[in-house]
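To start, the structure under review is shown below, and the notes come after it.
The values are calculated or read from the model by the stated rules, or taken from the named source; none is laboratory data. Here the structure is a predicted model, which is why all the values come from computation and not from measurement. Glycine gets a Cβ as well: all are built from the backbone with ideal geometry, and neighbour counts include every protein chain shown. With ligands, DNA and RNA removed, areas are computed over all heavy atoms of the protein, side chains included. Shrake-Rupley method; radii C 1.70, N 1.55, O 1.52, S 1.80 Å.
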Amino acid sequence: MKEYYDHNLIEKTAQTHWESTKIYKVEEYAKNADGSLKTKFFACSMLPYPSGKLHMGHVRNYTINDMMTRHLRMQGFNVLMPMGWDAFGMPAENAAIKSKISPSEWTYKNISYMKKQMLAMGLAIDWSREICACDPSYYMWNQWLFLKMLEYGIVYRDTQIVNWDPVDKTVLANEQVINGCGWRSGAIVEKREIPGYYLRITNYSEELLEDLNNKLEEWPEQVRLMQKKWMGKSEGLDFAFEHQILDIDGNIFQNGKLQVFTTRPDTLMGVTFCAISYEHPLAKLVSERNIEIKEFIDQCKTGGTKESELATKEKLGMDTGLVVRHPITKEDISVWICNYVLMNYGNGSIMGVPAHDERDFYFAKKYDIAIKQVIAQNGKIFDKTQWNDWYKDTDNSYLINSGIYNGLDCISATNEIFSYIIENKHGQKKTMWRLRDWSVSRQRYWGTPIPMVNCSKCGAVPLSEKDLPVLLPENLIPDGSGNPLKKDEVFIKCKCPKCFGDAQRETDTMDTFVDSSWYFMRYTSPNNKYSAIDQRLNYWMPIDQYIGGIEHAVLHLLYARFWCKVMRDMGLLQLDEPIKKLICQGMVLNNTYSRRNNLGGLEYFNSDEIEISQNKNSDIKEYKLIKDGSPVEYNGISTMSKSKNNGVDPQVIIDKFGADTARLFIIFASPPEQNLEWSESGIEGASRYLKKLWKICYSNREILLNQNKKNNKEDISFQLNDNQKLLRFKLYSNLIKANHDYKRVQYNTVVSTSMKILNDIESFILKENFNNNQNYANVLKESIGILLRILYPIVPHITWNLWRELGYHLIMGDIIETEWPKIDQNAILRETIKIVIQINGKLKGSFIISSDASEEYIKEVAMKHESVIKFLDKGIKRIIVVPGRLINIVI
Ligand code: ANZ
Ligand code: ZN
C-alpha cells in the first residue's frame, strides 16, 4: 500500500479491473445466493446529447445515478444502469457548416471522447446495452414504429407552417430565427405552409392528464403541474356572434357566425369589442379590401409566433370597421384584428372584456375602447386607470351592469348565460385543450429518415417493413443552404412501393424527440436484430428511477408517456406509464462571461479563457479575453450550459484531483434536487477528506490487515471499554442516519455523516493510543469497514482499493459485491441515558434513567425531581416528552 493517496494509479487500477471483469453487466432474472429472485431496479439517466465533452451537469446527473445504483446493488437489487447517445440533431449540422466535417464524423468523435470521460468517472454502466440514436440499428426501429403508427392511425399527414428563409431558401428551426430574421442570411423570415407528418397526441389528452394524478405520485409536483399547464384543459362556452359580413362573391361570410371561446361566460355583458387573429380567415378577407390592414397583417407576420413571445410582445391591433351582434343585448360590437389572439387556440377569435381580462384591459386602454365593469366585489372600487387582480376574481363577486343577471354570483351567472346561449342555439359547452398534435417532420439532414416515398401518381406512400432501414447517407456536409438530402440523387431516387414507377424518397427527417421517446425501452432489449423490443422489456420496465434536468419536464417527458401509451394500444407492451419515479436534479451554476459580436449576437466565453485583473485603486474587476486581450462582460452566476459556454471540463478536475474527489464534491455540495454552485475550494475540501481517509487507513494498515486475516467476521462479543462502546454507539447511530438519507435520496448528508464517522474514528485512535489489544483492533476494523461501505457508492475507486489493501475482501469479498452493513442493535443500546428537564422550554435540570424507560415512567420520575416540585402548585398545562432526550413542562 502506498503511503500517499495516488488518485491516478488507484482509479486506473480499479477501472481496468472493472472493465476486464465486466462487473457491471447485468442479466435478467438474477438470483440471490439462496436461489430466490432478486428485485429488479431500472435506474436511468436522461440520454445525453454528444455535444463534445461532458459538462458538470452530466457529471452530476450520472454521479447521483451511480451512487444510487451501487447502493442498491449492495442491498441485493438487480440494478440496470445503461447509457446511450441522443446523437441526431442540429448542433452536428451547425458544426459541419462551421468546420466542414460531416455530422457523422463529428458525432462519433464526440461520443468516443465522452465515453472515455464516463469511464474515467468510474460509472457502473452496463456498456453492453449502449445505444446510439444515429446508428441504423436503433433508428430503423423509429422507422418501424412510425409505419406501425401510420397503420394504426396515430401518424397522419397535414400541412405545417414553417419558418422560411427567402435568401438561403431553407426552412429554419425556431432557434435559428433571431428577432424575426434568419440566423445566417439576416433576411426577414416568412411563414410557409408545407406538408408534414403529425402524431395524434391529442387522442391521449384525457389519459395523459388523468394519469398525472393517478399514476405518477412519485414525480415532482412541479413537473406534474408543468405538464398539466402545457396540456391546458379548459372548460368553457363556444358560441357565435352573428353578423352580415359578405365575402368577395357577395355571400354571407362563414354562415354569418364569428365563433369565439370563453372560459368566463359570466362576463358576456361586459363585452365591448371582438378580436380576431391576423391569421383568421376574416382578417384575410378584409386585408384584400383594405391596404392598411394588409400592411398591419404583414407587420404581425414578422417575429415569433410562439405563445411565450406573444405574451411579452406589445399588444397591437386595428379596427376592421366590421361589426357583429351581441347575442344578448343585440348591440353592434366592432371587430378588431389583434396580435395577442392566437390562431391555433380556440377559434382564433375572442370576445373582448376589458374590465375583467388583463390583456383586453391594456388593449382597450391603448386604443380607447370602452371598459365596462360587470363584476363587482363589496368594498372594492373599480378603477379604470390601472389593472387590479381582483377584477378577474370570481369568488365573492357579483354581477352589475348586466341587466337581468344583476346580483347573481359568478357561478350562477355562468350557468344562466350558458342556458340562454344553448337554448337560443348560439353555441354550446366545450372543452378546449392547449395541447396540439405533435409535428414530427423536420426539414433537416441529421435525423431519422421518414420512411415514406412521394410518387407523382400515388402521393405519399409508406415503405414496407422489409425495406427498412432507410439508411441516412453519412458523408454529406451541409453548407447552410437547406437540407443536403434534397441534393443527394442517390438517396432521393427510388421506386414507388405501390405502382413501381419512379418516385422520390421523403427528405424530411424525424424530430429528435422521437429518438428519446422510447430509447430506454431499447436498453432492455439491446442488439435484437429482429424486433424493437422483446420480452426482456417486461422484466425491466418501468424505469424505477429516472434522473434528469427539469428542462425536459414537458416535451420529452410528455412525449415519452404518450409513446408508451401508443405502444401499449398497439399491443407491443402492457404498461400505462414508462417512468415510476422521477428526480429532477438541480442545475450546476458557474460564472458567465460574454461579448457582443459584430452580427449583434452574444458570444460567450469560458472562465478558462478569461483573465481577471483588479484595479489597484478600486474594487472594480476587469475581465479580458486572454486570446485577444480585449474586455468581456461578467454576467454573474448562471446555469452551466453549452449556449453560455460556462462549463467546467470534468476532465481537468479528474486529471488534477481524481474522479472520486469530483464525485464527492458534487454529492456533498447540495442535495440532488437543488442547484449546485461550482467551487474550486469545495473541490479542494473534498480532496482533503479523501487524503485524510487514506492516511488513517495507511497508519493502521497492519492492525487491520492482521485482523481481517484472522477471518473472525465482525464478532464483538467480549468486554469492551467505554471508549470502544462509545465509538460503536456513534458508528451505528450514524449508519442508521446514513441509511435514512440514502433512502430519501438526501445524498449530501450521507457525506457529512461519513465525515463525522471519520472524525470519531480519529479521536478514538488518539484516545486508545494504539492500544494493541484484540478489542481495539476489532472495533477499528469494524468501524473502518462500515465507513468504507457507506462511502463506496460515492467514491468507488478509493474505497474499492482500501477495501482490498486492508484485507476486507478476504472475509467479505470484493466491495462491489459485498453486502450493505447491518445494524448491531446491541451497539446502540445504552443502559442509561440522561433526560433533560425543561420548564417552559428553559433548562432546569436533568436526571439519569434506564434507556428503555417508558414515557409514563419518565414523567413519574420528573414530577418527583426537586427542580419540578417548586413549580407544581402553579398548575401544569401540558407535558411533552421526547423519549431519550428531554421532558418539557408547560405551566
Ligand atoms: C372572455 C374573458 C373574460 C376571458 C375574462 C377571460 C377572462 P384558457 O383558460 O387558457 O383556455 N382566448 C380564447 N381564445 C383565444 C385565442 N385564440 N387567443 C388568445 N386568447 C384567447 O383561456 C381562455 C380565455 O382566453 C378565453 O376566455 C378568452 O378570453 C381567451 F374576464 O373570454 B376569455
Ligand atoms: Zn406510385
With labels modelled as points extended 7 Å from the Cα through the Cβ direction, what inter-label distance (nm, one decimal) is found for Glu217 paired with Val167?
5.8 nm
For Val745, the net charge from surrounding residues (Cβ-Cβ under 10 Å; K, R +1; D, E -1) works out to +1
For the stretch 398-404, Karplus couplings with θ = phi - 60° (6.51, -1.76, 1.60), whole Hz, Gly/Pro x
9, 8, 9, 6, 10, x, 5
Contour minus Cα-Cα span, Tyr530 to Asn203, at 0.36 nm per residue, comes to 114.8 nm
Dipole in debye (nearest 20) - the stretch 430-539, about Cα centre, beta carbon charges: Lys, Arg +1; Asp, Glu -1
340 debye
Relative packing of 426-439, 160-173, 57-70, which averages over residues the other C-beta atoms within 10 Å, highest first:
57-70, 160-173, 426-439
Any idea what the dipole of the stretch 584-670 comes to, in debye rounded to 20, about its Cα centre with Lys/Arg Cβ at +1 and Asp/Glu Cβ at -1?
160 debye
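Can you list the trypsin sites (Lys or Arg not before Pro) in the stretch 503-532 that are in a DSSP coil and have 13 or fewer other beta carbons within 10 angstrom?
Sites meeting the loop and neighbour criteria: Lys529.
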Starting from the Cα of Asp467, step 7 Å toward the Cβ, then list every residue of the stretch 489-521 with an amide N under 17 Å from that point.
489-510
One finds, for Asp247 and Ile178 with R0 = 41 angstrom and r their Cβ-Cβ distance, a FRET efficiency to the nearest 0.05 of 0.60
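For the full complex of protein chains and a 1.4 angstrom probe, list Phe363, Phe253 by accessible area with the highest value first.
These residues rank, largest area first, as Phe253, Phe363.
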Would you calculate a helix-derived [θ] at 222 nm for the chain, using -39,500 (n - 2.57) for each DSSP H run of n ≥ 4 and dividing by the full residue count, to the nearest 500?
-11000 deg cm²/dmol
Over 29 Å between C-alpha atoms is what I'm after, so list which of Lys372/Lys430; Lys656/Lys743; Lys109/Lys621; Lys301/Lys365 land there.
Lys656/Lys743; Lys109/Lys621
Going through the cross-link list Lys493/Lys642; Lys315/Lys384; Lys31/Lys53; Lys38/Lys710; Lys737/Lys834; Lys169/Lys627, which pairs have a Cα-Cα distance over 29 Å in this structure?
Lys493/Lys642; Lys31/Lys53; Lys38/Lys710; Lys169/Lys627
So which lysines can Lys624 reach, going by Cα to Cα under 18 Å and dropping same-chain residues fewer than 8 places off?
Lys616, Lys644
Probe radius 1.4 Å, ligands and nucleic acids ignored: give me the carbon and sulfur share of the accessible area of the chain as a rounded percent.
50 percent
Whether the stretch 586-649 is rounded, prolate or oblate, judged on the alpha carbon gyration tensor where a/c under 1.5 counts as rounded:
oblate
Local electrostatic count, Ile201, Cβ distance below 10 Å [Lys/Arg +1, Asp/Glu -1]:
+3
Would you mind working out the accessible area per residue for the chain, using a 1.4 Å probe, and quoting it in Å²?
47 Å²
